[in-house]
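Nothing in this text is a laboratory measurement; each read-out follows from the coordinates by a stated rule. These numbers come from a predicted model, not from an experiment. Reconstructed Cβ throughout: ideal geometry from the backbone, glycine too, with neighbour counts over all protein chains shown.
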Amino acid sequence: MAKRVAIVGSGQTDHAGNRRDVTGCELINEAVRRALEDAQLKLSDIDGVVIGNMDHFEGINGAELWSIEGSGGIGKPTIKLTTGGTTGSTLAIGGTHLVASGFFDRLLVIGWEKNSESDTTGAITTAFDPIWDRLVFAGAISGLAVEASAYMHRYGVTEKDAARAAVRDRRHAVNNPHAHLRKEISVDDVLRSPMFSDPLKALDICPRTDGACAVIYASEDVAEKICPQPAWILATANRHLYSMVSDVDFSSLKSLELASREAYRKAGVREPLKEIGVMELYTPYSFANLSWIEALGLAKPGEGAKLIWDGVTDMGGELPMNPSGGVIATNPIGATGLIRAAECSLQIMGRAGARQVPDVKRALSTGFGGCFWSDVLIYGTEKPA
């Protein structure tokens, strides 16, 4: 039988557009030291290390090797996981399963990215089928613009609706000392910002960030000895539906719909809007905060914008989303999904500081990447049965 698993500590760097003060190895070590301090553990207490970033997008090799002094993996089992945009959430799921297997009791999981030293354009462009997709679907922003356009066309959603979601996340980021972008914006600011790929404008889209996140996972045998309130992993789920972009229904995120339904079933969640206390979503652009919450079963198709305008997802609302500021405020790609897990664990532990949502019993995080695939994790205060 699989062991029950919890997060018992986490650490993040001070995220920025360009961390010229550190190398990649030092950036990783900054997060590792903070995670160990948070859990009050020593490196000698750690049984293994899992690390990942978007190395194939950055054009670098062997990051798990040359960063070993920063990660603390010397003399320990060290594993690399890399899945593009979902690397961070893949790390979160992989860390959970490795501890559940019984091979590790205390596992250090690290996601990182030094975007200022990379150029992802070539790799993203060549990620699509060379005959059918690449010529018309090159790059991340253009793909998201296609999705936004299809969603707007089907449901009558407006650019102003999406702008309100971006305003929410950037407002929340002001309370997060680790966030890259910590300045409030208005709906008009978003609508007047430079057009990147119609209908997406500069303030609709996430930044490129230098940053790292480290999370410590523990088995049920030791978790409560380390942390008075562990963040127990109640469910994980993953769906990767399409290899051809031309097969995707761009008006909804079917992979997130299927993954979330599986996660809800595993965690015993029937009414997510009422039973989940907070969500940290991998929403890399404004429109995702509308259509993807519909895929999560929080609103009917085309009605996600109403939740945003009504304040349901704001701090103080029924279901706060992205109290950290989310991906629109901070995006060190290989760490982005893992930051969502770390932020959920802080909410469960009641240690999120100025971004804390009161009395959180359950939290949910997501990851997004590849050909529109999705990861979902659910966390709770109570040890799963």
Counting other beta carbons within 10 Å of each residue's own, what order do Thr126, Thr96 fall into, fewest first? Thr126, Thr96
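Which value at 222 nm does the chain reach when only helices count, each DSSP H run of 4 or more adding -39,500 (n - 2.57), with the total divided by all residues and rounded to the nearest 500 deg cm²/dmol? Numbers along the way, then the final one.
Values: 16 runs with 141 residues, N = 385.
Computed ellipticity for the chain at 222 nm equals -10000 deg cm²/dmol.
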Work out the P(r) tail for region 248-288: percent of alpha carbon pairs separated by more than 16 Å, whole number. 48
Largest first, please: the extent of the C-alpha atoms of region 136-246 along each principal axis, to the nearest Å. 52, 38, 28
Grab the beta carbon distance between Leu43 and Asn18, set R0 = 25 Å, and tell me the FRET efficiency rounded to 0.05. 0.30
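Could you order the peptides 164-175, 12-23 from most to least packed, using the average number of other C-beta atoms within 10 Å per residue?
Details: 164-175: 22.8, 12-23: 18.1.
So the order, starting with the most tightly packed, is 164-175, 12-23.
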To the nearest 10 degrees, how steep is helix 159-173 against the longest Cα principal axis of the chain, on a 0 to 90 scale? 30
Base-10 log of normalised Debye intensity for region 275-385 (one unit scatterer per alpha-carbon) at q = 0.21 Å⁻¹: -1.19
Straight-line reach from Lys80: which lysines have a Cα under 19 Å away, not including same-chain ones fewer than 8 places off? Lys114
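Rounded to a whole number of µm²/s, how large is the Stokes-Einstein D of the chain at 4 °C and 1.567 mPa s, given Rh as the Kirkwood radius over C-alpha pairs?
Details: Rh = 20.4 Å.
Translational diffusion coefficient: 64 µm²/s.
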Final fewest-first order of Phe196, Phe372 on the 10 Å Cβ neighbour count is Phe196, Phe372
What lysines does Lys3 reach when the alpha-carbon gap must be under 19 Å and sequence neighbours fewer than 8 apart in one chain are set aside? Lys225, Lys266, Lys383
For region 25-78, state the average projected area of the convex hull of the C-alpha atoms over all orientations, rounded to one decimal in nm². 3.7
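When Leu298, Leu346 are ordered from fewest to most other Cβ atoms inside 10 Å of their Cβ, what list results?
Numbers: Leu298 22, Leu346 26.
Listed from fewest to most nearby Cβ atoms, that is Leu298, Leu346.
Find the percent of Cα-Cα distances in region 332-377 that exceed 13 Å, and round it to a whole number. Write out the running numbers ahead of the final one.
Numbers: 594 of 1035 pairs.
Of all Cα-Cα pairs in region 332-377, 57 percent lie more than 13 Å apart.
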